[in-house]
Structures are given as C-alpha cells and as structure tokens.
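Everything on this sheet refers to the single structure shown next.
The values are calculated or read from the model by the stated rules, or taken from the named source; none is laboratory data. The model shown is predicted, which means the values in this text are computed figures rather than measured ones. No Cβ is skipped: glycine too gets one built from the backbone with ideal geometry, and neighbour counts run over all protein chains shown. The protein model used for the area step is the full one, side chains on, heavy atoms only, and it has no ligands, DNA or RNA in it. Shrake-Rupley method; radii C 1.70, N 1.55, O 1.52, S 1.80 Å.
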Amino acid sequence: MDDDAFTDAERAAVYRCIESRRDVRREFLPDAIPDAVVARLLAAGHAAPSVGFLQPWNFLLVRQAETKRALHAAFTRANAEAAALFEGERADLYRSLKLEGLLEAPLLLCVTCERSRAGPVVLGRTHQSEVDVYSTVCAVQNIWLAARAENLGVGWVSILSLGDLRAILGIPEHILPVALLCVGRVSGFAGTPDLERAGWRERLALDTLVFAERFGTPWRPGP
C-alpha cells in the first residue's frame, strides 16, 4: 500500500470527526486549553487551502474576561435586533435559543482575512473576487475539525456587528473579520445539531441537493 494512503481506521476516524462535529453553545467547561493544543489548532488552520496560495488569514486569541464581556454585550445588542426580525412562534423560539458561549468558553478565536496581503492582482482571484474570504473559511473548518479531534467544542458566533468586533479587538479597517469562535472542553457532544433538536430547522436530504451535468438534473448514483 502507498505510504501516503490512509488505513481503513484512519479514514473512518476522519469521517467520524466530520459527522460528529457540532456547533457548541452550552456545554463549555472552564478548563484552560494547553498552548500546545492551541498551537495544533492554529497549525491546522494555517494548513488550509487558499486560492493563489494567498494564506489571507490571521488568528487572534482572546482569553481576558473584560474582552469577553465586551463581546458578549455586543452580541446581546445584535441578538435583540435579530429577534425583532422574527414574528409569532418563530420569535418565541428564537428567544429561547442559546446562540453563544462567549462568557463560558475559556478561549475565543477570531479568524480574519487580509484581502490585500498579496497586492491587487492575485492568482485565481482575477475573476472571482471573494475566493480569499472562502479560503479563510476553509481555515475555520480545519480548526473546527481539528478541535473535534482534540475533543474540544467550537461555536461560531455570527450575531454581532463587524464594527463592534473591529472596535473591541482593535482590528484595522482593511482587515475583514470572518469568524469569532468559542473554543473549549465540553461536557459532551450532542448526537444532533442544537437547532435541529430545538425544532428550528431539519437537516436537508442530501439527494435533493446533488445534480449531474446541469443544475437541476438529479444525480442517480449506481449500486
């Protein structure tokens, strides 16, 4: 067998990691994450694919309680604005959801995109201007899966304004904040996503999302 090939056990572990990854909001424990583990997560993020080998990301670690409280206050303001967009039972359900773990998680990680890092013309970005942002999201996913392999939970907090995030974390205007992640040990990983269990939304059937040759033409897999 090729020395670079995955064994059956290794391949199964990768798929288990993907399938058991969860967006964690409630189960964080206060245990500090060793720097060696944090370094492995960041190395996983830095190993992500990037168009034109741009590597547009930066990683900002937040542990201080004062900063966490400021971010939580920004979330609270934005969450009230978001709740007002829903009506009736949907609004009640929204308000019952816990959508962040900013105060509970021992580590917050902000992943940013420096869009001008390689200058105005970037290989692969000449016709699709957002691929540097997409590349940064690949780094986020790498971190998330690496965290799951380390038995750490991750929650992505998107309900707060970019202006507040920039002001609180001192992020320059030309840097785009992409993800604010809560990271920490957890009491357990749920078998299904929180929002699915809460009745907010069900997982879509994969076979309704896959097409062959032209958009809208269903793919019919063989035996």
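If the chain linking Asp92 and Arg197 were pulled fully straight, counting 0.36 nm for each residue of separation and taking away their Cα-Cα distance, it would gain 36.2 nm. Treating only the Cα positions of the stretch 115-223 as identical point scatterers, give the base-10 log of I(q)/I(0) from the Debye formula at each q in 0.16, 0.20, 0.24 Å⁻¹. Result of the Debye calculation: -1.11, -1.19, -1.25. Counting protein heavy atoms only, the stretch 1-135 has 55 percent of its accessible area on carbon and sulfur, 1.4 angstrom probe.
Measuring nothing but how far apart in sequence close Cα pairs (under 8 Å, 6+ apart) lie, relative to its length, the chain scores a relative contact order of 31 percent.
Counting only DSSP beta bridges with both residues in the chain, the antiparallel share comes to about 95 percent.
Rounded to the nearest 0.05, the FRET efficiency derived from the C-beta distance between Gln128 and Arg220 at R0 = 45 Å is 0.90. For the chain, the longest piece that avoids every one of the trypsin sites (Lys or Arg not before Pro) found in DSSP loops with at most 11 other C-beta atoms within 10 Å covers 99-200.
Classify the chain as rounded, prolate or oblate, taking a ≥ b ≥ c as the square roots of the eigenvalues of its Cα gyration tensor: rounded when a/c is under 1.5, otherwise prolate if a/b is larger than b/c and oblate if not. It comes out rounded by the Cα gyration axes. Taking amide H atoms as placed 1.01 Å from N in the peptide plane, the amide H of Val178 lies under 5 Å from those of Val111, Thr112, Cys113, each 5 or more residues away in sequence or on another chain. Per-residue extension of 0.36 nm, minus the Cα-Cα distance of Ala13 and Ala82, leaves a gain of 21.1 nm for this segment. Each of Asp4 and Leu162 was given a label point 7 Å from its Cα along the Cα-to-Cβ line. The distance between the two points is 3.7 nm. In the chain, the DSSP-assigned H stretches of four residues or longer account for a calculated mean residue ellipticity at 222 nm of -11500 deg cm²/dmol, using -39500 (n - 2.57) per stretch and the full residue count as denominator.
Classification of the stretch 1-128 by its C-alpha gyration tensor yields a prolate form. The axis ratio a/c (a ≥ b ≥ c) is 1.5 or more, and a/b outweighs b/c.
Applying the criteria of a DSSP loop state and at most 12 other Cβ atoms within 10 Å to the chymotrypsin sites (Phe, Trp or Tyr not before Pro) of the stretch 171-223 yields Phe215, Trp219. By the combined test of axial Cα extent (at least 15 Å) and Kyte-Doolittle hydropathy (mean at least -1.0), the qualifying DSSP H helices of the chain come to 8-20, 35-46, 65-83, 131-149. The residues of the chain have, on average, 60 Å² of accessible surface per residue, using a 1.4 Å probe with all protein chains present.
Under the combined filter of DSSP loop state and at most 13 neighbouring Cβ atoms within 10 Å, the stretch 6-67 retains these chymotrypsin sites (Phe, Trp or Tyr not before Pro): Phe6.
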